[in-house]
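Some notes on the structure that comes next.
The values are calculated or read from the model by the stated rules, or taken from the named source; none is laboratory data. For clarity, every value in this text was computed on a predicted model and none was experimentally measured. Reconstructed Cβ throughout: ideal geometry from the backbone, glycine too, with neighbour counts over all protein chains shown.
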Amino acid sequence: MDARLNLFGSPLAGKLVKHLVAAGQVLADSTVPGTTLELVKLRASQINGCGFCTDMHIKDALAAGETQQRLNLVAAWREATVFTEAERAALELTEEGTRIADAAGGVPDHVWDNAAKHYDEEELLALVTGIALINTFNRMNVMVRMPAGAYQPGMTAP
């Protein structure tokens, strides 16, 4: 399968992605654990059917020391016992924020309140922004049919 557009060869895409990646770098400096941010990116990518980002975030998480077992269970996190309560709250927020069009009124209060038990305001802002960013990347990649499988960790580093 070939992509509809060459996002890696386009000067415009390069400029846009550079700014999105820079925003993601700010999140990496937050106090939200990097493993949690990778789980969030993976879960949103699974929901959105973004093969490129699913491949990327599995490989990046493995390279950062995440276990294969936890990555295998992200799609079934509600039934899995390998995630902390804070990670579970972040994954629930990710699902609700990614499926925002499915819920009249957006993210339910109980989901937000549960996340707020585990994360302070700055961390919640980092999670919300991270969820929004990965959804942006997912939508771009799904629309252009970016093929999955060839990503190597660090390949898209600024």
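Listed values, structure above:
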{"item": "Some residue of segment 69-84 being acidic (D, E) and within 21 Å of V26 (Cβ to Cβ)", "result": "no"}
{"item": "Residues of segment 38-55 classified as in contact with a Lys or Arg (Cβ under 8 Å, 6 or more places away or on another chain) and either surrounded by fewer than 23 Cβ atoms within 10 Å (Cβ to Cβ) or free of Cβ contacts under 8 Å to residues at least 60 places away in the same chain (or both), total", "result": "3"}
{"item": "Scope segment 76-97; condition more than 23 Å from T129 (Cβ to Cβ) and not hydroxyl-bearing (S, T, Y); matching residues", "result": "A76, R78, E79, A80, V82"}
{"item": "Selection status of G65, closer than 22 Å to V128 by Cβ and modelled with pLDDT under 95", "result": "no"}
{"item": "Filtered residues of segment 108-127 (kept if surrounded by fewer than 17 Cβ atoms within 10 Å (Cβ to Cβ) and outside any loop (DSSP other than H, G, I, E, B))", "result": "D109, H110, D113, A116, K117, E121, E122, L125"}
{"item": "Among (1) touching a residue at least 24 places away in the same chain (Cβ under 8 Å); (2) polar (S, T, N, Q); (3) more than 19 Å from L20 (Cα to Cα); (4) out of contact with any Asp or Glu (no Cβ under 9 Å at 6 or more places or on another chain), the one test that T81 misses", "result": "(1)"}
{"item": "Scan of segment 7-37 for residues that are in a loop (DSSP other than H, G, I, E, B) and surrounded by 14 or more Cβ atoms within 10 Å (Cβ to Cβ), ordered by number", "result": "L7, S30, V32, P33"}
{"item": "Leading residue by the ranking (surrounded by the most Cβ atoms within 10 Å (Cβ to Cβ)) among those in segment 72-107 that are in contact with a Leu (Cβ under 7 Å, 6 or more places away or on another chain) and in a helix (DSSP H, G or I)", "result": "A90"}
